[in-house]
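Scroll down for the structure; my scribbles are underneath it.
The values are calculated or read from the model by the stated rules, or taken from the named source; none is laboratory data. Treat the numbers as computed from the prediction; the structure is a model and nothing was measured. Note that each Cβ is placed from the backbone with ideal geometry, even for glycine, and that neighbours are counted across all protein chains shown. SASA here: full protein model, heavy atoms, side chains in, ligands and nucleic acids out. Shrake-Rupley method; radii C 1.70, N 1.55, O 1.52, S 1.80 Å.
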Amino acid sequence: MRTYSASGDRTVVGYISGKKGQYEVFYRGSFGDLYFHNSARNVATRFRKKDNGNYLGPDGSAYYNNQSVIAAIQNRYNLGQYD
């Protein structure tokens with residue numbers, strides 16, 4: 001799924017549950033860093049989409065689909081690893 005914003009196009013990977021509702025997880029371009037948007041700003045997740053379509057975690061772990069990377073980001077969010 002692709003959404004468009006004033007700051008450029010972005011591809012939505014999924015959503016995580018945050019303190020103020022659902023946060024959209026996305027990246028820009030064909031590959032790159034994943035971010036989520038909370039009510040104030042974009043937050044870097046330290047996960048990255050690779051050019052082969054998989055994702056790479058901050059610890060080097062590989063994720064092979066959107067659901068698995070969203071679950072990993074949600075877990076890190078729940079553990080308080082994003083400020």
Of (1) modelled with pLDDT of 95 or more; (2) assigned to a strand (DSSP E or B); (3) out of contact with any Leu (no Cβ under 8 Å at 6 or more places or on another chain), T3 fails just (1)
Scan region 13-26 and report the pairs whose first residue is under 22 Å from R48 (Cβ atoms) and whose second residue is open to solvent by less than 10 Å² (accessible area, probe 1.4 Å) and among the hydroxyl-bearing types (S, T, Y), with Cβ atoms within less than 8 Å and a gap of 6+ or a chain change. V25/T45
State which residue is farthest from Y27 (Cα to Cα) when the search covers only region 54-83 and only residues that are in a loop (DSSP other than H, G, I, E, B) and open to solvent by less than 30 Å² (accessible area, probe 1.4 Å). Y82
One residue is enough: does region 23-39 have a residue meeting the conditions part of a strand (DSSP E or B), out of contact with any Phe, Trp or Tyr (no Cβ under 7 Å at 6 or more places or on another chain) and among the small types (G, A, S)? yes
With criteria (1) closer than 14 Å to T11 by Cα; (2) surrounded by 15 or more Cβ atoms within 10 Å (Cβ to Cβ), G29 comes up short on (2)
For region 9-23 the number of residues that are in contact with a strand residue (DSSP E or B) (Cβ under 7 Å, 6 or more places away or on another chain) and open to solvent by 30 Å² or more (accessible area, probe 1.4 Å) is 4
Scanning region 32-53 for residues that are open to solvent by 60 Å² or more (accessible area, probe 1.4 Å) and at negative phi gives D33, Y35, H37, S39, A40, R41, N42, R48, K50, D51, N52
